[in-house]
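Input: a single structure, listed below in structure tokens.
Please treat every number below as a calculation from the coordinates, not as lab data. Computed from a prediction, not measured in an experiment: that's the story for all the values here. Neighbour counts are summed over all protein chains in view; Cβ atoms, including those assigned to glycine, are modelled from backbone coordinates with ideal geometry.
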Amino acid sequence: MQRYLFPSDYMADPSVHVFGDRLYIYPSHDRDSGEAFDDDGGHFQMRDYHVLSLQGDPLTADVTDHGVILDVDDVPWAEKQMWDNDVVEKNGQYYLVFSAKDYNGLFRLGVAVADRPEGPFRPQADPIRGSYSIDPCLFKDDDGQIYCYFGGLWGGQLQRYADNKALKAERLPEGDEPALPSRVVRMTDDVLQFAEAPRPVVIVDENGNPLKANDPHRFFEASWMHKADGKYFFSYSTGDSHLLCLAVGTSPYGPFRFLGELLQPVVGWTTHHSIVRYADRWWLFHHDCVPSNDTTWLRSLKVKELDPSLFEG
Ligand code: FUB
């Protein structure tokens, strides 16, 4: 069984966490801006973020919309395209990391802070130093360290960087070359900056070889990290092959061994998700474009239960 969570508006890219006894959903807020479709995602012209929450069975519980928690006009450095975001709690404060384009047309990651999971969030004046690309995922390990996974190809601009430096000309690996990896970085104690240089998130096959650029299971965008049974599960979207995939490792830095496909292509070009354990059950939150009749930039939030054996053994 699965459910559309919020039929009254178009939202996507759900990042989901349990704070207290409620589930909080931090989505992108889709809108019809009139921009034409292009391969760089120019049709995704989101301006603000809402937070949704529920308590009880995600398949049936009432969903509360807490309203706008951050608007692009409140972020001094951001011009447009408020894409995916995520939130982590530390010492009773809530840190929202989000991706948006700056006034030079570059995606950067910014931080905004709140006293409550439902905001409102106060943005920092500048983006995270050394940040680039899109789709931040925040993961708090059992020792309290917070990691940020990020990156996305094509419109997400990851191919414009190597060794964390901007290239003169973007370069996407091809054929048998190793695929372009997502990035992971530990955050500073105040959760406002990167504590180190971001590292590549390498996904390997059963022989320990990095997945290749021509592999339909290679990383594209939508990093998500969760821990189960002491193991680190990295899941992600394959973009142009439209899958969600799962890999496992023994450290938050990886490498991660490819395990398999988590979700088959949905209606709509993008697929993006989060995985969370709530009330002793595992849940997959994601989106599709069925309610908007396959309008790629108008996506709707969904939830379905996952088989716990996915994360065992
Ligand atoms: O929502 C805009 C972009 O679409 C996200 O950043 C990607 O992950 C894809 O879902």
- Message: Can you tell me, using C-alpha contacts under 8 Å and at least 6 residues apart, the relative contact order of segment 190-308 as a whole percent?
- Response: 17
- Task: Return the whole-Å distance between the Cα centroid of segment 1-70 and the Cα centroid of segment 96-114.
- Result: 18
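Compactness ratio of segment 18-150: Cα Rg over 2.2 N^0.38 Å, N = residue count? Don't skip to the answer; put the middle values down first.
Working: Rg = 15.1 Å, N = 133, 2.2 N^0.38 = 14.1 Å.
Normalised by 2.2 N^0.38 Å, the Cα Rg of segment 18-150 equals 1.07.
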- Please give every one of the lysines within straight-line cross-link reach of LYS80, meaning a C-alpha to C-alpha distance under 20 Å, and leave out same-chain neighbours fewer than 8 residues apart. LYS101
- List, in order, the whole-Hz ³J(HN,Hα) value for each residue of segment 252-261 obtained from phi through the Karplus relation with A = 6.51, B = -1.76, C = 1.60 and θ = phi - 60°; use x for Gly and Pro. x, 8, x, x, 10, 8, 4, 9, x, 8
- Message: I need the Debye-formula profile for the chain: one equal scatterer per C-alpha, no solvent, reported as log10 I(q)/I(0) at q = 0.10 1/Å, two decimals.
- Response: -0.49
- For LEU109, residues with placed amide H under 5 Å, excluding near neighbours: ILE128, SER131, TYR132
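Could you grab the relative contact order for segment 2-312? Cα pairs under 8 Å, six or more apart, rounded to a whole percent. Don't skip to the answer; put the middle values down first.
On the way: 828 pairs, mean separation 49.2, N = 311.
Over segment 2-312, the number comes to 16 percent.
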- Near LYS227, which lysines are there with a Cα under 21 Å away, not counting those fewer than 8 places off in the same chain? LYS90, LYS140, LYS304
- Task: Please compute the net charge surrounding GLY92, taking Lys and Arg as +1 and Asp and Glu as -1 over other residues with Cβ under 11 Å from its Cβ.
- Result: 0
